[in-house]
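Just so you know, all these numbers are worked out from the coordinates, no wet-lab data involved. Quick caveat: nothing in here was measured; it's all calculated off a predicted structure. Methodologically, a virtual Cβ is constructed for each residue, glycine included, from the backbone with ideal geometry; neighbour enumeration extends over all protein chains shown.
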Ligand SMILES: Nc1ncnc2c1ncn2[C@@H]1O[C@H](COP(=O)(O)OP(=O)(O)OP(=O)(O)O)[C@@H](O)[C@H]1O
Ligand SMILES: O=P(O)(O)OC[C@H]1O[C@](O)(CO)[C@@H](O)[C@@H]1O
C-alpha cells in the first residue's frame, strides 16, 4: 500500500508547535519524493504528477511533471518545498511525455500534502484505460527535511555528474522536470533553473544579440499570428519549455568603434558615496520576504540617509552576520526558487521591471544582465523584448518613419506589440513566474499608463529608466546597434543604417517624457566611466533593494581582468607542485607589489 511515510507525519504528533516553528526558523526545506512501483511503460504513456500549485502545473495536465525512471519499473519525481508550504493537492496521471493525449488521470479524490504530510489514507493509484482495463500501482510518498547545506551538496553533485547521486544519503534534486531531447530513455530531468541561459553581450565581439535571447510571443506557437522568421534570417527553435527562441550570429560589418576610457576605481573601503540621489521609502524592510533567500556573498545594500534630505549613501560593506548565517550555495538557489513560488500574498509575488529610455541607452543590455542576476539569486525571471515582438510581427526592416509619433499606423503597430508582450508577461506570471523584465522604450507617459492599467492587481511595476548624456557613448552605442541589431542585418550600407537609426532616435527625442510617476529607478550616465548616478523613488522591499544594489555595482564598460600565477613557493623550490606552502620569503615583497599593481 502507498504510504505517507513522511518524517513530518511521524513527527507531527509528538512535536510541540514551538519546536516545529523553531525548526522552520532554522531553515531547511522539505524534500518530497513521489514514487510509483512496477509501472512498465504502456506505449508512450509515462507517469506524471499534476496539482494545485504552479510547481505542479496548476491542474493543467499539459504542464504536469513527468516522473523519471529510477530503475526498470520504479518511477520517481522529487521536488523541494518549504516546510510551511501551501496545501498541495495533486494526482498521478499517465500521458505521453510530449503530448497531452491520451491523458489518463488516476481515479478517486485528490491526494493532499500539508506540511510534507500526506493527508488521509494512502491508496493505490488506479488508472482506467477503458471499460474493461484498470491498472493499479503502489505509490510511495515521502518528505524529508533537508538542510540548505545538504541541498547544496546534492545540487552540486547533480550538476557535476548529471546522474542520480546520494550525497549524505540525500537523493538527487529534480525540480520542474521539462521535456528533453531524448524522449526514449526517460532518464535525467533537465532543470528549470538553467542559470547559464543568458549570454551578456560583449560590446565589440559578441556574436549574439541580447534581444534574440528574450521571450518569443506565445501566439507565435498557438495561433500563427507571427511569421516564423523575424526578417533577419533568424531561425526559430523550439526550446525545452515549449517556447521558441530565435538566434543567429550578427552580421559584423567593418566599422570603427570608439571605446571610451572605462576606468572606474572604487575606494578600498567599499563605500560608494553619493552615488545615489533621490528618495528612498523609509518603509523599506529587508525582512519582508518570506521565502528562503540566498545570500550570494554580495550582502544587502544598506541605504543610509545623509544630511541632505534628497541624498543617500549606499553602504556596500558586507554584513558579516548575514554573510555567515546563510550558505552561498548553489543548491539553496533551487529551494529559494520553489519557496518564492509558494509563499507570500499573490500580489506581492510578481514584479515587473519596465525599462524606459531612448534607443541605444543600454536597456536590453541592462535587462539581460538583470535577468541573469535575478535567476542566479533563484528568482524565476524572464525578459520580454518588444523589439523582438515587433520584428516578428512587422518584419525587421522598418525605417525611421515607423517610429514617428505622428505616424498613426506606426504608433498603433508599436502599441499593439507592446500590449501583446505585456499580456504574455502577465500570463506567464499568473502561471507562477516571479519577475518579468519588460524591455521597450516606453518613452511616453501614455504608454506607461497603458502598462500600469494592464498590470493593475496582477503585478507591481517598477520603471527602470536609462539616461545617458554623453554623446561619445551614444555614438558608440548607435554604431554597435547597426553592427549587431537584426534591424540592420539586411542593410549593406553601414552609413545608410547609421543615418536611419539617428533619424529613429530623433523621432523618439521629440516626444520623450522622462519618468516622474510611480516607483522608479533612474540610471544616469552609468556608462560614462565617472561613476554616474542612481536615483530611486518609492522603492521598498527586499527584491527592489537587491536590484538597486546590483545596478549600483554593475560594470558597464569593458575592463581588463588580470590573472597572475603565484611566485615560487617553498615546495616549488623542493621540486614539488601543488600543496599550499608559503612563498619563498624574498618573493613576498614581489607578491605585495603585484597585488598593488592589480588594484591599480
Ligand atoms: N546605462 C547605460 N548607458 C549607456 N549605454 C549603455 C548602458 N548600459 C549599456 N550600455 C551600452 O549600450 C549599448 C546598446 O545597448 P542596447 O542594445 O541594450 O540599447 P537599447 O537601449 O536596448 O536600444 P534599443 O532601444 O534601440 O533596442 C550596449 O552595447 C552597451 O554597451
Ligand atoms: O514601442 P516602443 O516603446 O518604442 O519600444 C519598442 C521599440 O524600441 C526599440 O528598441 C527602439 O529602437 C525597437 O526595437 C522597438 O520596436
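Could you give the length gained on full extension between residue 475 and residue 73, defined as 0.36 nm per residue of separation minus the Cα-Cα distance, in nm? Could you put the intermediate results ahead of the total?
Numbers: separation 402, 0.36 × 402 = 144.72 nm, distance 6.30 nm.
Going from the current span to full extension adds 138.4 nm.
Order 410-417, 371-378, 64-71 from most to least packed using the mean count of other Cβ atoms within 10 Å. Could you put the intermediate results ahead of the total?
Values: 410-417: 17.0, 371-378: 21.5, 64-71: 20.0.
Descending packing order for the listed peptides: 371-378, 64-71, 410-417.
Place a label point 7 angstrom from the Cα of residue 40 along the Cα-to-Cβ direction, then list the residues of segment 100-134 whose backbone nitrogen is under 16 Å away.
134
Using Cβ contacts closer than 10 Å as the measure, can you line up 86, 215 from fewest to most? Walk me through the intermediate numbers first.
Numbers: 86 15, 215 21.
Final ranking by Cβ density, sparse to dense: 86, 215.
Based on the alpha-carbon set only, what is the convex hull volume of segment 408-503 divided per residue, in Å³? All intermediate terms of the calculation are to be shown ahead of the outcome.
Numbers: hull volume 13.3 nm³, N = 96.
Expressed per residue, the convex hull around the Cα atoms of segment 408-503 is 138 Å³.
Can you tell me how segment 357-426 classifies by the Cα gyration tensor, rounded, prolate or oblate, using a/c under 1.5 as the rounded cut?
Details: a/c = 2.81, a/b = 1.92, b/c = 1.46.
Prolate, because a/c is 1.5 or more and a/b exceeds b/c.
With labels modelled as points extended 7 Å from the Cα through the Cβ direction, what inter-label distance (nm, one decimal) is found for residue 121 paired with residue 416?
About 5.9 nm separates the two model spin labels.
Can you compute the modelled spin-label distance between residue 401 and residue 586, with each label point 7 Å from Cα toward Cβ, in nm?
For residue 401 paired with residue 586, the spin-label model returns 7.8 nm.
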